[in-house]
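Engineer: Dropping the structure in here first, questions after.
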Amino acid sequence: ASGRLAHDARSDQWAIVVKAPQTPLGILVLGGVGVLDDADRRTVERAAVVSALVLLFERRAAEAEQRVRTDLVADLVSGRGDPTSLATRARAQGIDPTAAHAVLVAHADADTPRRTLLLAAHAAAGHGSVVGEHDGHVVALLPSQDPHRAATELARRLSRLATVTVGGAGPTTLTDDVPAIWREAVRTVSALVSLGLAGTGASADHLGFAGL
């Protein structure tokens, strides 16, 4: 589907909304052409439909990839599955299961949808990381020996999105006791929010007595 082609006389541009049903995907803008005849209008309208289809296919492919990552993260932090199988799945995502990783839990303000936070965290985490969801939390496993630094940096990157608090724990390899490290990260992000430190990142060790 697409919107109706409209002309802005002030800028001499034509524009049409690219959208799926009930889902705006973008705007196609055509400038510097003056008057469009009927054939040109139909061409632009078809271009908007094709653009919508391409964007939808890309979105669905990205969502399918995110489901694979989320399943892997959920199995790692919950301790489900055979360790050999989990290691194989991690390698398929470009992750070294024997490398040290920080386990981070990100919490955003109530106005930020969790899916938006999930996608933003995936983009911000960088190469060699895996981001997913478990038990209502957005979880990131980043290759790092320093969970405090990793949590601080992720919170800083996500601050452009919203007020995001990040609790870190570890480091650990993906073949070790990830569930225990994950629970520590959950407790840490809860402590940061309770202490009035929303929008920051830290590890339990960095919080010291407050972390206890």
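Engineer: Under a point spin-label approximation (7 Å from Cα along Cα-to-Cβ), what is the Leu36-Ala198 distance to one decimal in nm?
Structural biologist: 4.4
Engineer: Moving to a separate point now. Using just the helices of the chain, give the 222 nm mean residue ellipticity in deg cm²/dmol: DSSP H runs with n ≥ 4 each add -39,500 (n - 2.57), and the total is spread over all residues, rounded to 500.
Structural biologist: Computed mean residue ellipticity for the chain: -15000 deg cm²/dmol.
Engineer: Between Arg42, Arg80, Arg115, where does the largest GNM mean-square fluctuation fall for the chain, given springs only between Cα atoms within less than 10 Å?
Structural biologist: Arg42
Engineer: If you average 1/r over all unlike Cα pairs in segment 125-210 and invert the result, what Kirkwood radius do you get in angstrom? List each step's numbers first, then the result.
Structural biologist: On the way: mean 1/r = 0.0779 Å⁻¹.
With all distinct Cα pairs of segment 125-210 included, I get 12.8 Å.
Engineer: Okay, moving on. Over the Cα atoms of segment 70-158, Rg to Rh with Kirkwood Rh, two decimal places?
Structural biologist: Rg/Rh for segment 70-158 comes to 0.95.
Engineer: When the chain is treated as a GNM, springs tying every alpha-carbon pair under 10 Å, which of Ala39, Ala15, Ala106 comes out with the largest mean-square fluctuation?
Structural biologist: Result for the chain, Cα springs under 10 Å: Ala39 fluctuates most.
Engineer: Calculate the dipole size of segment 100-212 relative to its Cα centre from +1 charges on Lys and Arg beta carbons and -1 charges on Asp and Glu beta carbons; express the result in debye to the nearest 20.
Structural biologist: Numbers: 8 positive and 10 negative charges, 61 e Å.
Dipole about the Cα centre, nearest 20: 300 debye.
Engineer: Estimate the FRET efficiency between Asp111 and Ser190 by the formula 1/(1 + (r/R0)^6), using the beta-carbon distance for r and 25 Å for R0, to the nearest 0.05.
Structural biologist: 0.85
Engineer: Based on the alpha-carbon set only, what is the convex hull volume of the chain divided per residue, in Å³? Spell out each step's value before the answer.
Structural biologist: On the way: hull volume 30.7 nm³, N = 212.
Roughly 145 Å³ of hull volume per residue.
Engineer: Which length gain, in nm to one decimal place, applies between Asp96 and Thr23 when the Cα-Cα distance is subtracted from 0.36 nm times their residue separation?
Structural biologist: Gain on stretching Asp96 to Thr23: 22.5 nm.
Engineer: Also, I was wondering about something else. Could you give the dipole magnitude of segment 1-152 about its Cα centre, charging the beta-carbon of Lys and Arg +1 and that of Asp and Glu -1, in debye to the nearest 20? Please list the in-between numbers first.
Structural biologist: Numbers: 16 positive and 18 negative charges, 36 e Å.
Result for segment 1-152 is approximately 180 debye, rounded to the nearest 20.
Engineer: What is the Å³ per residue value for the convex hull set by the Cα atoms of segment 1-102?
Structural biologist: 164
Engineer: Please go through segment 135-212 and write out the trypsin sites (Lys or Arg not before Pro) that DSSP classes as loop and that have at most 16 other C-beta atoms within 10 Å.
Structural biologist: When the trypsin sites (Lys or Arg not before Pro) of segment 135-212 are filtered for loop state and at most 16 Cβ neighbours within 10 Å, Arg160 remain.
Throughout, read-outs are computed from the coordinates displayed, never taken from laboratory work. Because the structure is a prediction, the values reported are computed rather than measured. Cβ: placed from backbone, ideal geometry, glycine included. Neighbour counts: every protein chain shown.
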